[in-house]
There are 2 protein chains.
Amino acid sequence: MPLNPADDAFAEALSRALPEGRLRRAEPRYLEEPRGRWQGISGWVALPRTVEEVSAIVRACNDARVGLLPYGGGTGLVGGQIAPEGPAPLILSLERMSAIRAIYPEENVLVAEAGAVLADVQAAALEANRLFPLSLASEGTARIGGLLSTNAGGVNVLRYGNAREQVLGLEAVLPDGTVWHGLKRLRKDNTGYDLRGLLLGAEGTLGVITAAALKLSPVPAATGTALLAVQSPAAALSLLALAREQLGEMVSAFELIGRMGFDFLAEALPEVRQPFAETPAWCVLVELGLAQGMDPEAALAALFTAGMEAGLVNDGLLAQSEAQAQQFWEIRERIPEANRAIGAIASHDVSLPLSALPEFIETGLARLAQVGDFRVNCFGHLGDGNLHYNVFPPKGRKKQEYLDVRADVQRCVHDLVNEMGGSVSAEHGIGRLKVPDLERYSDPAKLAAMRSIKAALDPAGIMNPGAVIRG
Amino acid sequence: MPLNPADDAFAEALSRALPEGRLRRAEPRYLEEPRGRWQGISGWVALPRTVEEVSAIVRACNDARVGLLPYGGGTGLVGGQIAPEGPAPLILSLERMSAIRAIYPEENVLVAEAGAVLADVQAAALEANRLFPLSLASEGTARIGGLLSTNAGGVNVLRYGNAREQVLGLEAVLPDGTVWHGLKRLRKDNTGYDLRGLLLGAEGTLGVITAAALKLSPVPAATGTALLAVQSPAAALSLLALAREQLGEMVSAFELIGRMGFDFLAEALPEVRQPFAETPAWCVLVELGLAQGMDPEAALAALFTAGMEAGLVNDGLLAQSEAQAQQFWEIRERIPEANRAIGAIASHDVSLPLSALPEFIETGLARLAQVGDFRVNCFGHLGDGNLHYNVFPPKGRKKQEYLDVRADVQRCVHDLVNEMGGSVSAEHGIGRLKVPDLERYSDPAKLAAMRSIKAALDPAGIMNPGAVIRG
């Protein structure tokens with residue numbers, strides 16, 4: 001049975017059931033997404049202040065069979081927050097529920113509402129001398145509810161895990177409007193199914209997260225940063241294993257950069273200082289977050305020496321100051337900007353089993369060569385097996401000339417990822433963009449189970465209709 | 001609609017559809033449980049060798065509406081593996097699927113079948129110079145499938161998390177007999193709902209886990225062990241925060257022992273050496289697992305000194321040898337034996353928010369004093385907020401005299417745990433023993449969602465009938 005639109009009559013009736021000022025026509029910002037790929041259908045936005053108001057809104061939508069689109073910071077890259085076609089859903093923005101409800105430094109726990117901006121949560125944790133480790137490019141805009149609903153990744157996953165691992169408890173409104181009061185602050189709780197883990201990463205299709213009890217960590221006493229040139233991706237992996245044998249969890253980040261990354265920076269952003277006299281074929285950016293009394297320079301030097309002795313490392317730069325560490329990170333962080341300047345034919349957010357990465361990188365180049373003449377900039381979170389594998393035209397050509405091969409390129413890369421046991425969405429989720437990929441590559445038993453769960457918890461299909469699971 | 005029994009006719013028909021020797025009448029060992037609380041109803045046991053055979057068995061049960069009881073090592077403490085009343089389910093033992101299918105040291109991944117014994121998985125990891133951190137008393141008998149299905153805890157949760165956190169991917173047979181080939185070895189995979197997390201901890205009520213891709217960790221380069229006497233549980237918590245500020249994740253274990261624990265050892269097991277000249281009111285057993293180049297004695301001494309200066313620690317013993325470290329652990333590990341010798345009226349496996357522990361311990365004593373005259377031995381995994389809170393008769397009296405207050409004692413403790421935001425099953429699960437507790441204390445919205453999920457994935461109700469969710 002099709003959904004009904006959130007039309008004026010519905011909005012006005014709902015308006016009367018809520019305190020004043022909770023509904024208005026959606027401004028353009030709710031209808032745009034960061035890459036300009038889609039335009040949302042115009043309609044109404046609800047801006048509740050309490051979980052009870054969220055409950056009333058969800059219940060009204062369920063009763064009237066009106067779709068509901070949970071909205072956080074609007075920074076998602078797969079269209080999970082944009083409905084480009086009707087019937088128009090009601091947009092539910094959590095932006096007015098942005099409180100840090102409580103912080104428990106001795107427990108390493110912070111309770112935040114879904115509308116809290118990530119940077120504000122990080123700052124509140126730091127004020128209590130604690131670390132909230134989730135960190136990514138959009139942290140000044142992205143909100144906790146969206147980050148958790150998409151199981152966001154970022155730069156600290158190697159050490160601290162994905163967003164799902166940062167959550168002890170949830171408060172959420174289920175599709176029938178009932179409130180799940182699950183804000184437990186417990187490290188161990190084996191009383192039934194993991195509803196928490198199920199809502200995390202469900203992209204708003206199984207309910208609306210309204211608050212979360214988040215895990216904090218101690219702030220590392222000292223950090224150390226190095227760029228180490230390695231022979232190959234395989235050598236980079238062996239170096240990672242060596243680093244973890246020496247330092248365990250204190251390896252906070254381990255990012256891969258290839259020669260193409262340095263070349264693109266030189267081509268598009270010549271103001272970025274090239275750190276090596278001779279650009280290496282591959283290098284890794286290593287960041288350590290150390291315990292008290294440990295010397296970052298000594299730890300990095302020990303890793304460098306052991307890497308040299310094992311024949312894995314052939315050059316290296318250890319940051320001598322915070323400024324130099326930031327310079328190293330700038331190289332990593334401005335590669336996406338260089339990529340945009342050059343213009344990718346297709347970008348891929350993929351993950352693979354760690355030991356399959358070298359073969360994937362090599363075979364990918366060979367397969368793509370059969371499709372056409374391309375440049376590949378392959379970089380990313382090596383420690384998580386998560387590569388940004390982006391395909392560009394040869395020098396002097398423009399991506400616009402390659403629109404007709406874009407689908408072939410994506411299919412070539414995603415097919416290989418799938419053959420090698422990888423994932424075609426490592427950290428961005430499915431949203432609306434990757435629904436066909438999910439249907440193509442997902443295990444059929446898993447997909448059937450997902451559909452059963454969706455139908456059981458949201459029989460009217462009101463929650464984020466069209467995202468993840470096709471209605 | 002009630003289930004049908006796994007009677008002789010069903011077993012013979014299923015037998016003919018499987019290779020020879022896969023079905024037999026269940027020997028007594030499948031019908032007993034560790035605490036002798038229940039006796040399983042007699043019937044048939046299936047012993048498949050492959051996931052395809054498991055699939056055929058599940059499909060046959062689903063078609064015939066016959067209950068299925070997944071069986072691992074049989075060590076569960078809440079009756080999840082025992083059906084005391086009919087209609088008799090088919091017992092499905094995974095013991096013949098016990099292979100370590102593969103090990104990937106560079107990925108820190110090991111793939112084990114559900115029937116693999118935990119100690120064998122630990123040994124296989126160590127042989128590759130890696131650590132599989134899940135560790136608990138029954139590790140010589142418990143099997144991976146059962147450990148994961150119950151989201152087992154143990155002594156390393158503080159550092160490495162519960163069983164759920166040890167799993168990257170699963171192979172499982174869903175209640176309709178389809179096989180989910182989800183043995184991914186990925187650290188990041190955002191392609192749909194977390195079916196993995198849902199099956200983990202579902203106690204066999206949503207499917208049968210047949211294999212898992214497990215996370216390994218580097219083996220710490222050195223370990224250090226100390227017993228530190230503290231003023232109070234609150235001081236113990238502050239010391240834990242201090243330890244984590246100094247050493248981060250390298251704090252592997254942080255166990256609380258009270259004076260009653262030492263007194264019980266003296267009373268029941270006088271051969272256990274008492275480490276302190278004067279028994280402290282409270283002490284913590286701290287274990288560190290350190291990075292290369294770190295000195296355990298120096299790290300423990302720094303913690304001890306900082307704890308003294310902060311007024312948290314008033315005495316301490318740093319293990320000078322592996323033998324002495326084992327002596328310290330013996331104190332912690334033999335407390336349950338002393339408890340059994342003395343005889344508890346009621347035992348509780350509870351967890352609380354860390355900062356609520358001191359108040360819980362104090363208020364619990366006060367409330368119990370209103371019920372009767374008891375001794376309480378409270379000890380456990382302080383770092384996880386997980387206490388074993390066990391209630392005993394006064395000296396000279398026997399637990400048998402207190403059978404009529406047992407339910408009152410449990411209710412008193414569990415009510416308080418619930419009021420304070422805790423869990424009445426921290427690590428053992430629900431099984432059949434704690435179904436009434438789940439129904440009493442669970443959030444109604446969560447319980448309703450669990451029932452919906454169960455009905456959606458297992459509409460015939462064949463999977464471990466009577467466990468977790470009442471049919």
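Here B:K215 is the anchor, and the lysines within straight C-alpha reach of less than 24 Å, apart from those fewer than 8 places off in the same chain, are A:K188, A:K215, A:K446, B:K184, B:K188. Annotation for the B:A interface, with buried accessible surface near 7000 Å², both sides summed [1.4 Å probe; non-protein components not counted]. The fraction of Cα-Cα pairs per 5 angstrom bin, counted from 0 for the range B:40-158, comes to 2, 11, 19, 20, 19, 13, 8, 5, 2, 0 percent, rounded to whole percents. Remark: label point of A:E27 defined 7 Å out from Cα along the Cα-Cβ vector; separations to the same position in other copies 7.3 nm, ascending.
Let me know the mean shielding of B:414-424 by other chains, meaning the per-residue number of their Cβ atoms within 10 Å of its Cβ.
On the way: counts 0, 0, 0, 0, 0, 0, 0, 6, 5, 7, 3.
The mean count of partner-chain Cβ atoms within 10 Å per residue comes to 2.
For B:L126 and B:A13, a Förster radius of 56 Å and the Cβ-Cβ distance give a FRET efficiency of 0.80, rounded to the nearest 0.05.
Across chain A, the longest piece that holds none of the GluC sites (Glu not before Pro) lying in DSSP loops with up to 16 other C-beta atoms within 10 Å covers A:279-471.
This model, with +1 at the C-beta of Lys and Arg and -1 at the C-beta of Asp and Glu, gives the range A:42-96 a dipole about its Cα centre of some 40 debye. Legend: residues in the range A:448-466 shielded by at least 30 square angstrom of accessible surface upon adding the remaining protein chains to the isolated chain (1.4 Å probe, heavy atoms) are A:A449, A:M450, A:S452, A:I453, A:A456, A:L457.
Dividing the C-alpha radius of gyration of the range A:256-412 by 2.2 N^0.38 Å, with N its residue count, gives 1.15. A 1.4 Å probe run over chain B, with the rest of the protein chains in place, finds 36 Å² accessible per residue. The calculated FRET efficiency for B:A102 paired with B:R35, based on their beta-carbon distance and R0 = 41 Å, is about 0.70. For the pair the range B:421-471 / the range B:49-92, the C-alpha centres are spaced 18 Å from each other.
Once Rh for chain A is found with the Kirkwood sum over Cα pairs, what is the Stokes-Einstein diffusion coefficient at 20 °C and 1.002 mPa s, in µm²/s? This corresponds to a translational diffusion coefficient of 91 µm²/s. Computed over the range A:199-262, the convex hull of the alpha-carbon atoms projects to a mean area of 7.9 nm². Working from Cα pairs under 8 Å separated by at least six residues, relative contact order for chain A is 16 percent. Just so you know, the Rg over Rh for the range B:21-75 is 0.99, from Cα atoms, with Rh as the Kirkwood radius.
Once Rh is set to the Kirkwood radius over Cα pairs, what Stokes-Einstein translational diffusion coefficient, in µm²/s, holds for the range B:343-428 at a temperature of 10 °C and a viscosity of 1.306 mPa s? Estimated via Stokes-Einstein, D reaches 124 µm²/s. Between A:E322 and A:A298, the distance separating the two model label sites (each 7 Å from Cα on the Cα→Cβ line) works out to 2.3 nm.
The convex hull built on the alpha-carbon positions of the range A:274-358 has an orientation-averaged projected area of 8.0 nm².
If you place +1 on the Cβ of every Lys and Arg and -1 on the Cβ of every Asp and Glu, how big does the dipole about the Cα centre of the range B:247-331 come out, in debye to the nearest 20?
Values: 2 positive and 13 negative charges, 19 e Å.
That gives the range B:247-331 a dipole magnitude of about 100 debye.
With the dipole of the protein assembly as shown worked out from charges on the C-beta (+1 for Lys and Arg, -1 for Asp and Glu) around the Cα centre, which of B:L227, A:G289, A:G146 lies farthest toward the positive end? Of the listed residues, the answer is A:G146.
Sorted from closest to farthest, the other copies place their B:R273 label points 5.9 nm away, with each point set 7 Å from Cα along Cα→Cβ. Can you list which of the trypsin sites (Lys or Arg not before Pro) found in the range B:42-77 are DSSP loop residues with at most 10 other C-beta atoms within 10 Å? Here no loop site has a sparse enough neighbourhood.
Based only on Cα atoms, what Rg/Rh ratio does the range B:237-300 have, Rh being taken as Kirkwood's radius?
Values: Rg = 14.5 Å, Rh = 13.5 Å.
Rg/Rh for the range B:237-300 comes to 1.07.
Could you work out the per residue convex hull volume over the alpha carbons of the range A:178-230, in cubic angstrom?
Working: hull volume 10.3 nm³, N = 53.
Per residue, the Cα convex hull of the range A:178-230 comes to 195 Å³.
Rg/Rh for the range A:220-335 stands at 0.95; both radii use Cα atoms, and Rh follows the Kirkwood definition.
Apolar share of the accessible surface for chain B: 49 percent from carbon plus sulfur atoms, 1.4 Å probe.
Can you give the alpha-carbon Rg of the range B:100-218 over 2.2 N^0.38 Å, where N counts its residues?
Numbers: Rg = 13.2 Å, N = 119, 2.2 N^0.38 = 13.5 Å.
Dividing the Cα Rg of the range B:100-218 by 2.2 N^0.38 Å gives 0.97.
Accessible surface of B:D63 in the full protein assembly, 1.4 angstrom probe, to the nearest 10 Å²? Rounded to the nearest 10, that gives 120 Å².
Model label sites at A:E309 and B:A455, defined 7 Å from Cα along the beta-carbon direction, differ in position by 6.5 nm. Overall shape of the protein assembly as shown was characterised from the C-alpha gyration tensor. The equivalent ellipsoid obtained from it has semi-axes of 43, 36, 29 Å, in decreasing order. Normalised by residue number, the volume inside the convex hull of the Cα atoms of the range A:111-154 is 64 Å³ per residue. Cα-based values for the range A:290-333, radius of gyration first and Dmax second, are 12.0, 31 Å.
Taking the Cα centre of the protein assembly as shown as origin and assigning +1 to Lys and Arg Cβ atoms and -1 to Asp and Glu Cβ atoms, the resulting dipole is close to 1900 debye.
Counting from the shortest, the label point at A:T305, 7 Å from Cα toward Cβ, is 2.5 nm from the same position in each remaining copy.
Size estimate for the range A:270-310 follows the Kirkwood approach: the inverse of mean 1/r over distinct Cα pairs works out to 12.7 Å.
Spin-label model, B:D373/B:M1: points 7 Å from Cα along the beta carbon direction are separated by 6.0 nm.
Using only atoms on other chains, find how many Cβ atoms lie within 10 Å of each Cβ of peptide A:193-206 and report the average.
On the way: counts 19, 11, 9, 3, 9, 7, 3, 3, 7, 3, 3, 0, 2, 2.
Rounded to a whole number, the mean comes out at 6.
With the convex hull drawn over the C-alpha atoms of the range A:1-105, the volume per residue is 123 Å³. Rounded to 0.05, the FRET efficiency of the A:N418 and A:E267 pair, given R0 = 41 Å and the Cβ-Cβ distance, is 0.80.
The values are calculated or read from the model by the stated rules, or taken from the named source; none is laboratory data. As the structure is a prediction and not an experimental result, all values here were calculated from the model. We place every Cβ from the backbone using ideal geometry, glycine too, and count neighbours over all the protein chains shown. Only protein heavy atoms, including side chains, enter the accessible area calculation; ligands, DNA and RNA are left aside. Shrake-Rupley method; radii C 1.70, N 1.55, O 1.52, S 1.80 Å.
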